[in-house]
Structures are given as C-alpha cells and as structure tokens.
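Heads up, the thing below is written out as structure tokens.
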C-alpha cells in the first residue's frame, strides 16, 4: 500500500500488505481476544478507553500531522479530529453502563430481564476522509459493549490505520482487541465470511455499501452502513443572507469539502437568493487554498487525483446543462491535488451538481419560489444523511424537521456528528445508527432472560 502526500503528489512511504493467510490468523486472534474482553468488567473497559483518550491527547500533534500528510486535512481540523476521538472515548466510558443496563420487564415469569450482550468481532471498513474519527465513533461504543474490532481501512491511509492500532495498544487494550488489517478491497469478502466476524460497520460510498450489505446479508451478519450524502442547506426568506452565507461556506469546505455531511445543495427562497449567492461567492473566492500544514490554510488538497478529475467533470456537466459558474470551477495549476473553491448558481434537478454527491469544495445553489418548493427540492435526492434549516424563527425551523427525509436535521447550525446524539441516514445514505445509546446497541445481542 502506498501513502501519497496529496499536497505534493509525492510518495510518503510504502507499506507491505497482509497476505490472506496473515489476515485469517489476525482474525483468529481477534476471536480469541473477544472471549476475554467480553468477560472484563465494564469499569475495566472504561478505564482502558480513558487511557486511550490520554494517549490521543499526549500524541495529538504527531497524530494530526500524520492525517495532514496522508490525506491533506488542514492541520487545525486534524487536531480537532484527534480531540474529538478522545472525547468520544471519555463519553462512552462514562455512559456505557447506562446505555447497556439490564431492563426488568414484568411478565408471567418470577423475573424477566432484557440484557445487552456483545456479539464478537466487529469488522470496521473505514474511509480515508476522517481516518481516526470514523473508526473511533464505531470502536468506542463497540468496545464498551464488549465487542472487539478489526479495522480494514482505506488503502490510501495505511499509516493512520497502524497508528490507530498502536494508540489502543498503548492505552492498555490486550492484543487482538483492536486489529489493523492492511488488505485491499478485494479481500473484504473473505473478511466478512470469517467465522469470528459477527457484524460489519461500513462508512463509504453507495456502491461499497451495496456490496458489503449483500456480502453481510448472505452470511446473515448484522451490518450498519453510513454512506454518501448530498445534504441540503435550506435558507428561508426570513434569514439574513449575508450572515448565513458565511455559515454556508464553512459548512461546504469542512474537511476540504470531502465530508458526507458537508452542506452540498444550497436551496434558497427567492427573496434572499440573489444576496445569498453574491455573499457566498465572495466568501468562497476569498478562501485561502494551500499547504494543509500551514495554520492559515482554509482549504487543502483533495485526497487523490481521481477525485479532482471527478469533481471537474461534475462541474463541467452542470455548466453544460445550464448552471452558472460564479467562481472557481477547475483544478488549480500547482503541484498536488487542489481544486478551486467553486460556486454554481441556477442548479436544478437533473444536473450533476444536484443529483450526485460532490466530494470537494463545490457549492450548488438552487432557488425555490417558496417554502413548500424548498422542502420538495431538499427531498428530491436519493440521499438522506443530514439537512440544515436557516431561519430567524428557530421554532419554525424545528417544526419543518419532520418534513425532511434525513437522519439528522440541524436548525441554524451545520450538520455534524456528536457522541451524545445518534448519527446515520435514510434512503441511499445507509441504515443503522452510530453513537449515543442507539449506536452502542447496534452491535449487541438483545437477550431475553426468563426465570420461573
């Protein structure tokens, strides 16, 4: 596996892949480790996660620099990602006992309870865009529930994959409780089929989700899928277009625009549309694009050259179909995989920028004649991950949430994940939930115990 610096296009390091036989042995070891880990006291598991949080913070600069070098994340965002992982460990260490507490249910038994028991090895198939956070939001609750985790990370971030395993080991987790498998995508079917693997968590593309769901279903193994998103950012006519445009730009460029829950489709009621477009264009055009290791960089490179080509094609097809290019629109002529922050106006259903997920700093603005059309346009997508509503009347925004086909609706705030709240989507954005009580219960055996 090759680790490439997307800011320069240069090779960082080659990593040897694990062979099929090595991967099987590692999963065997994980299955053995599960037998001891599931029997550990919940308090002992929590102590280990707190130790992992301490390791993350002690090595924050080193780990963040690794993310910046390996996938182009601006250094400030990389540090925030590591800190968020530490907070997730602390949250589940503190809250797992309540989330997993046995529930006594009145029945014709002398005593009947409902308990949450671990399943076994959870295979975590994770993407490159949030190399630590995507794994930690799966692993922290799964580990506290008594499961163990085998990580098959994206092939472009092998350094992050091995660093994650090391962090858990330095936090005191026994060998095999968190295992990093350096294997290509073609090895996934064999991993899912391994008898020690009892569940699969995937964060990735729609195509990857369908393939993994089919493999897991054929093996009758539980799966949770967090897939793509084309989140609507709905601006109502009573909103301040200048102020909201600043929030819109920030919501679009999070993680260089390479985020499933980044705002992508900006649906604006007609009375404030012109002012919003002008303000958004000014802000996007003024963003500083450059070296992700520099503190003042706002947008770094995309992770791979093929992502640049895909984004350029989506913009070109949208303009050919009638969208208006207000700023940006092309790769930047410099070393590395940079794309200019872009605003498209007049984007309608049927255009690539509306129908497809755009993974990069491209904002597509669509005008709506009224509130009802804004909701209809927001829902006219095969995705349903997140949505945000911007209005001077928060109660009005909250009342609209039930009309939006999304796993999360944020009013006057950008969509984000939070260990305290369940996270996941509907439609082609996947199924199941991560984080909070709902997330920790995804990978447990909800067991009924009936005593006469």
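What are the residues in segment 298-312 that are in contact with a helix residue (DSSP H, G or I) (Cβ under 9 Å, 6 or more places away or on another chain) and farther than 12 Å from residue 6 by Cα, if any?
Residues satisfying the conditions are 298, 299, 311.
At least 3 residues that are more than 30 Å from residue 405 (Cβ to Cβ) in each: list the strands (runs of 3 or more DSSP E) lying fully within segment 160-249 that qualify.
Details: elements: 178-181, 197-203, 222-226, 231-235.
Filter on segment 160-249 gives 178-181.
How about segment 237-257: which of its residues are more than 13 Å from residue 367 (Cβ to Cβ) and buried (at least 22 other Cβ atoms within 10 Å of the Cβ)? Show your work before the answer.
We begin by selecting, within segment 237-257, every residue more than 13 Å from residue 367 (Cβ to Cβ); these are 238-240, 242-257.
Within segment 237-257, 239, 244, 245, 248, 249, 251, 252, 253, 255, 256, 257 meet the criteria.
List the residue pairs whose Cβ atoms are under 7 Å apart, where the first residue sits in segment 1-18 and is in a loop (DSSP other than H, G, I, E, B), the second is loosely packed, with under 15 Cβ neighbours inside 10 Å and modelled with pLDDT of 95 or more, and the two are 6 or more positions apart or on different chains.
8/335; 9/335; 17/184
Given the condition under 26 Å from residue 128 (Cα atoms) and part of a helix (DSSP H, G or I), answer yes or no: does some residue in segment 289-299 qualify?
First, the residues of segment 289-299 that are under 26 Å from residue 128 (Cα atoms): 289-299.
Narrowing the set further to residues that are part of a helix (DSSP H, G or I) leaves none.
For segment 289-299, residues under 26 Å from residue 128 (Cα atoms) and part of a helix (DSSP H, G or I): absent.
Report, by residue number, each residue of segment 15-45 that is over 18 Å from residue 177 (Cβ atoms), exposed (fewer than 15 other Cβ atoms within 10 Å of the Cβ) and touching a helix residue (DSSP H, G or I) at 6+ places or on another chain (Cβ under 9 Å).
20
How many of the residues in segment 258-280 are part of a helix (DSSP H, G or I) and buried (at least 23 other Cβ atoms within 10 Å of the Cβ)? Step through it out loud before you land on a result.
Restricting attention to segment 258-280, the residues satisfying the condition of being part of a helix (DSSP H, G or I) are 270-280.
This time we only want the ones that are buried (at least 23 other Cβ atoms within 10 Å of the Cβ), so: 276-277, 280.
Within segment 258-280, residues that are part of a helix (DSSP H, G or I) and buried (at least 23 other Cβ atoms within 10 Å of the Cβ) number 3.
Being free of Cβ contacts under 8 Å to residues at least 40 places away in the same chain and buried (at least 24 other Cβ atoms within 10 Å of the Cβ) is the filter here, so list the residues in segment 162-177 that pass it. Quick ask: steps written out before the conclusion?
So in segment 162-177, the residues free of Cβ contacts under 8 Å to residues at least 40 places away in the same chain come out as 164-166, 169.
Residue satisfying the conditions is 164 alone.
Within segment 430-449, identify whether any single residue is without any contact (Cβ under 8 Å) to a residue 40 or more places away in the chain and either within 14 Å of the chain's Cα centre (by Cα) or within 21 Å of residue 244 (Cα to Cα) (or both), and answer yes or no.
No, because not a single residue in segment 430-449 is without any contact (Cβ under 8 Å) to a residue 40 or more places away in the chain and either within 14 Å of the chain's Cα centre (by Cα) or within 21 Å of residue 244 (Cα to Cα) (or both).
Do we find that residue 100 is closer than 22 Å to residue 435 by Cβ, under 21 Å from the mean Cα position of the chain (by Cα), surrounded by 15 or more Cβ atoms within 10 Å (Cβ to Cβ) and in the same structural domain as residue 169 (by TED's automatic domain parsing) in this structure? Give the derivation first.
Details: closer than 22 Å to residue 435 by Cβ: yes; under 21 Å from the mean Cα position of the chain (by Cα): no; surrounded by 15 or more Cβ atoms within 10 Å (Cβ to Cβ): yes; in the same structural domain as residue 169 (by TED's automatic domain parsing): yes.
No, not satisfied.
The values are calculated or read from the model by the stated rules, or taken from the named source; none is laboratory data. This is a predicted model, so every value here is computed, not measured. Cβ: placed from backbone, ideal geometry, glycine included. Neighbour counts: every protein chain shown.
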